[in-house]
Structure formats: structure tokens, C-alpha cells
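Read the structure below first, then the notes.
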Amino acid sequence: MGEFTHDIESELIALVEERPCLWNSKDIHYHNRHVKEMAMREITERLGHGFTESIIKSKWANLRSQFQREVRKIKESAQGGHPLDRYMSKWAHYQQLQFLRQEDTPESLSGYSCPPEPQHDNSMVGAHFAEGLLKEKGHMRSCVCSGKDDGSTDL
């Protein structure tokens with residue numbers, strides 16, 4: 001099994017950012033565990049390096065928690081004291097994770113998301129959700145959970 005390097009962590013962050021169903025609580029599929037499981041499976045496959053899905057989930061939880069701690073430190077230091085004493089994050093992934101702060105903005109609701117699962121065949125729950133295409137602003141894009149922009153899928 002591989003080890004997480006800065007580059008692999010950055011790739012993980014980028015892959016998660018492309019899948020708002022994993023991080024945006026306002027995303028229509030945020031509470032759909034089947035969609036989230038499929039998205040995490042795709043990330044695990046794309047990352048490779050011998051990581052298991054549980055290791056990827058754990059790493060993402062750690063990265064997100066560290067980002068939240070950094071944000072809290074910044075807010076707390078801004079509430080009082082001298083402006084020169086304010087905390088400035090030096091954490092390597094702080095800037096890349098700024099998309100997590102946009103979760104509450106209206107713009108985050110217009111991003112691409114995973115289409116809903118088919119309702120007719122429960123034996124294939126989640127198996128075909130990545131085949132759907134979303135159309136927004138006149139441009140066709142495949143589901144961000146498929147990791148493809150050309151309309152093809154890897155199921």
C-alpha cells in the first residue's frame with residue numbers, strides 16, 4: 001500500500017471537489033449514501049496507489065478536519081488583539097480547500113452534481129446513476145461522479 005504524499009493529497013482534494021455530493025450539504029445528493037459511496041469508489045479507483053476506500057475516506061475526513069481547525073484559528077485570532085497578531089494558516093492544503101468555505105453560498109448550488117439513481121430496479125441501485133448527463137447553461141457535461149467530460153462512463 002502506498003503512502004500519502006503532498007501530491008496525492010492534492011489529487012484527492014481535487015477529486016473530492018469535483019463531487020459536491022461528498023462535501024456540500026446543500027447538494028441534492030449529499031444525503032444519498034449510494035451516490036456518495038459510488039463517488040468515493042470512483043475516487044479510490046482514480047487515485048490508485050493501493051489505497052482502500054476506507055483509507056481514502058479516513059484521509060479525506062482528516063484533511064477536512066484540519067481545514068476546519070485552521071479556519072477556526074483564523075476566526076478566533078481575528079476577534080481580538082492586534083491585527084499583526086492574527087493567525088495566518090501556513091498549512092499546505094489550506095488554499096486548495098477553500099471550496100469548503102463556499103458551501104453556504106448560492107453559487108455552490110449551481111454546480112454540477114450526480115443525477116438521481118433509477119427508481120425501477122433496486123438490484124442495480126447506484127449502478128447506472130453515472131450514466132446520466134446534466135445540461136446546464138447550454139453545455140452538456142457528464143456527471144462529475146463519473147470523472148468524465150466526454151459523456152462516456154466507466155461502470
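Each Lys or Arg adds one and each Asp or Glu subtracts one; over the other residues with Cβ under 12 Å from the Cβ of E11, this totals -2. If a paramagnetic tag sat 7 Å from the Cα of R46 along the Cα-Cβ line, which residues of the stretch 1-31 would have the backbone N under 16 Å from that point? Hits in the stretch 1-31 for R46 at 16 Å: 7-24.
Couplings 3J(HN,Hα) for the stretch 75-87, derived from phi with the Karplus relation 6.51 cos²θ - 1.76 cosθ + 1.60 (θ = phi - 60°), are 4, 5, 6, 7, 6, x, x, 6, x, 6, 8, 5, 6 Hz, where x marks Gly and Pro.
In what order do W91, W60 fall by count of nearby beta-carbon atoms within 10 Å, going from fewest to most? If you can, show how the numbers build up before the last one.
Numbers: W91 14, W60 19.
By the 10 Å Cβ count, ascending: W91, W60.
Shape of the stretch 1-110 from its Cα gyration tensor (a ≥ b ≥ c, root eigenvalues): rounded if a/c is under 1.5, otherwise prolate when a/b > b/c, or oblate? Oblate.
Each value in this text was obtained by applying a stated rule to the coordinates, not by laboratory testing. The structure displayed is predicted, hence computed values, not measured ones. Every residue, glycine among them, receives a Cβ derived from its backbone with ideal geometry; neighbour counts consider all protein chains shown.
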